[in-house]
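Structure first, then comments.
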Amino acid sequence: MLNYRNELDKMPSYDGVEKDYRIKMNANESTMNLPPTVEERVMNRLALVTLNRYPNEEYYSLTNQLAKNFGVESNQVILGGGSSEIIEKVFHAFGGAGRKIVYPQPSFSMYKIYAKAAEAEGIPFALNDKFDLDVDAFIKTVQETGANLAVVCNPNNPTGNALTVAQIEKIVASIDCAFLVDEAYVEFYGQSAVKLVGKYRNLMIARTFSKAYGLAGARVGYMIAQSEVTRMVNKTFMPYHMNKLSLVAADIVYQMRDEFVPRIQMMIAERKRMATRLKELGGMEIFPSETNFLLIRLEEAAALREYLERLDIGIRYFSSGAAGLENCLRISMGTRTENDEVFAAIKNFSEGIR
């Protein structure tokens, strides 16, 4: 008899099955591979990697580089398999039986799963009908529930909107539990709370190389916090949990991050352009976004998703089970050509040409 862990069968799971769409705009990935100069240097460096040794040197090379850039000590930086692994470890560090974790809803779907995996009580805090976070009410919920950890995704996925740094500081200054800010999309927003880390011992900032830097396949993320926090969270990781190949690629990418600035600016411009064009079509609500994607709502969302599927265009559809996201679609930004084709398809759909 196979005796699995109690309630494992009740654990929610993340649907990671992906289709190789002709135009893939469903996962908020970068639509382009690395810039040619960056790719060349990465490949040259990978050719020199020795795989018979554990990745100590490569791990600390990247942490030191990140620490120098953010003006912190290297022991204030933790690396992980994307920011997602880091978030999971933070939930594990501050969770446990009888403990509570507060997070917005709708937001990153893994918060609910990680809270359950940490055997903590996940407490979703509902955003309003415009997906704004009521900061005062959020603080009150964290305080009244006696939460051990509070989390916000800023800018928020999948809604796209963002809190100001002043709002983040108001939250962290008003609560006495751990506070994690998930900044997976911050490069598209330009406003980070990372400078507050030195002021607040309960603040943690998680980031990723997956979105703006096009390393979704390498799985590299990082967290910045005060050293007493990183020391404890580090205890939740397995030894040598990062691999050399990913670390080397991320190290080169971060050294050459200025090469990505034009691409980031292009994505922001395309997001604004697509938002304007979609609003002109009418019949749908386009939510404000500070990310590399747009969230739209329309009555025929399911039908539009099916129509785009037939054209081999992948977007993210939220079913009726996604609280607050009924009739919503999330569209990642692609190249200008890809965006034009997606817009033309949506326009045809709205005009009844199917």
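The values are calculated or read from the model by the stated rules, or taken from the named source; none is laboratory data. Owing to the predicted nature of the structure, the values given are computational and were not obtained by experimental measurement. Cβ atoms come from the backbone with ideal geometry, glycine included; neighbour counts cover every protein chain shown.
Okay, residues lined up against (1) over 30 Å from Pro55 (Cα atoms); (2) aliphatic (A, V, I, L, M); (3) crowded, with 21+ Cβ neighbours inside 10 Å:
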{"residue": "Ala120", "(1), (2), (3)": "yes, yes, yes"}
{"residue": "Leu127", "(1), (2), (3)": "yes, yes, no"}
{"residue": "Asp132", "(1), (2), (3)": "yes, no, no"}
{"residue": "Phe188", "(1), (2), (3)": "yes, no, yes"}
{"residue": "Asn202", "(1), (2), (3)": "no, no, no"}
{"residue": "Ile205", "(1), (2), (3)": "no, yes, yes"}
{"residue": "Thr208", "(1), (2), (3)": "no, no, yes"}
{"residue": "Gly217", "(1), (2), (3)": "no, no, no"}
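Hey, does segment 191-203 have a residue that's under 18 Å from Phe91 (Cα atoms) and touching a strand residue (DSSP E or B) at 6+ places or on another chain (Cβ under 7 Å)? Don't jump to the end; show me each part of the working.
So the first thing to find is which residues in segment 191-203 are under 18 Å from Phe91 (Cα atoms), and the list is 201-203.
Still in the list and also touching a strand residue (DSSP E or B) at 6+ places or on another chain (Cβ under 7 Å): 202-203.
Yes: segment 191-203 contains one or more residues that are under 18 Å from Phe91 (Cα atoms) and touching a strand residue (DSSP E or B) at 6+ places or on another chain (Cβ under 7 Å).
Please work out which residue is surrounded by the fewest Cβ atoms within 10 Å (Cβ to Cβ), limiting yourself to segment 219-255 and to residues that are under 18 Å from His92 (Cα atoms) and charged (D, E, K, R).
Lys235
Kindly establish whether Val197 is closer than 23 Å to Gly334 by Cβ and either touching a Phe, Trp or Tyr at 6+ places or on another chain (Cβ under 8 Å) or modelled with pLDDT of 95 or more (or both).
Numbers: closer than 23 Å to Gly334 by Cβ: no; either touching a Phe, Trp or Tyr at 6+ places or on another chain (Cβ under 8 Å) or modelled with pLDDT of 95 or more (or both): yes.
When the stated conditions are applied, Val197 does not pass them.
Only one of (1) within 29 Å of Pro155 (Cα to Cα); (2) modelled with pLDDT of 95 or more; (3) β-branched (Val, Ile, Thr) fails for Val49. Which number is that?
All conditions are met except number (1).
For segment 139-234, give me every one of the strands (runs of 3 or more DSSP E) that falls completely inside it and has 1 or more residues that are touching a Cys at 6+ places or on another chain (Cβ under 7 Å) and within 30 Å of Ser61 (Cβ to Cβ). Give the derivation first.
Working: elements: 149-153, 178-182, 203-208, 221-225.
So the answer is 178-182.
For segment 235-354, which strands (runs of 3 or more DSSP E) that fit wholly inside it have 1 or more residues that are over 20 Å from the mean Cα position of the chain (by Cα) and either farther than 25 Å from Asn128 by Cα or outside the structural domain of Thr164 (by TED's automatic domain parsing) (or both)?
Strands (runs of 3 or more DSSP E) meeting the threshold: 293-297.
With the condition kept exactly as written, say whether any residue in segment 296-319 is loosely packed, with under 14 Cβ neighbours inside 10 Å and under 30 Å from Leu149 (Cβ atoms). It would help to see each step written out before you state the result.
Taking segment 296-319 as the starting set, the residues that turn out to be loosely packed, with under 14 Cβ neighbours inside 10 Å are 299, 303, 306, 310, 312, 319.
This time we only want the ones that are under 30 Å from Leu149 (Cβ atoms), so: 319.
Checked segment 296-319: at least one residue is loosely packed, with under 14 Cβ neighbours inside 10 Å and under 30 Å from Leu149 (Cβ atoms).
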